[in-house]
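Q: Attaching a single structure in structure tokens format; questions to follow.
Each value in this text was obtained by applying a stated rule to the coordinates, not by laboratory testing. For clarity, every value in this text was computed on a predicted model and none was experimentally measured. Positions of Cβ are generated from backbone atoms using ideal geometry, with glycine treated the same way; all protein chains shown enter the neighbour counts.
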Amino acid sequence: MTVRAVLGIRRWRHNPVCRATDRHEAWMALVALLLMLLAAPVIGWRTGSLTDDTLLRTVRAQHEQRRPTTAVVVRPAPGGSRFAQDPEAAVVEGPTRTSVVADWRAPDGTARTGTVTTTSRKTDPGSRVRIWTDDRGDPAVRPMDTATAHTHAVLAGIGATLLAGGLTEIARRLAVWRMMQRRYARLDRAWAEVGPDWGRTGTGS
């Protein structure tokens, strides 16, 4: 409908039966189309770029605050739970993680014991697994990697583009609806003025 209205602008400009509202609707369609083709992608690119910069700073901060540590499995965690990859990496395909009770050492050399998660398939007692800890030695979620950050940024950019395009089309439809309501209101007023004389022409009254 939008493209058809845009293509009819030139023809309607010189059409004697073309209403002003028809021309206004065509121009609104053209503006909406240009916004969806030009402005929406720019908004998406800018959103993706800002998101990427923010997430990369988060990645750097997480890698500075967290460190990989080797832990020794003591026993399976109660229930032997298994679950999907870290929430921060949920966008990309990741390995299944297993919950175990393990021993490890904090950065200051203090011995620690607790429940941790690992992607290792070898979780028998005595097995060595890689975990992540924070500066205090407490278990931490694996830091987000650069690829995951870029994926989130791309999705944010695509979402912003689609949202901008959708809002533009909604605004156009609302404006057209409002224009149609005003057109019907004018027709009702005109009919109210002419209606009382309907059928009296030629009766000699």
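Q: T146 to V72: extension gain in nm, 0.36 nm per residue of separation minus the Cα-Cα distance? It would help to have the intermediate numbers written out before the result.
A: Details: separation 74, 0.36 × 74 = 26.64 nm, distance 2.85 nm.
In short, 23.8 nm is gained.
Q: What distance in nm separates the simple spin-label points at V101 and D53, each placed 7 Å from Cα in the Cβ direction?
A: Each label point is offset 7 Å from its Cα along the Cβ direction, giving 4.9 nm.
Q: While we're looking at this one, here's another question. Please give the length that would be gained between I170 and R60 if that part of the chain were fully extended, namely 0.36 nm times their separation in residues minus their C-alpha to C-alpha distance (nm, one decimal). Show your work: numbers first, answer last.
A: Details: separation 110, 0.36 × 110 = 39.60 nm, distance 3.98 nm.
Extending this stretch completely gives an extra 35.6 nm.
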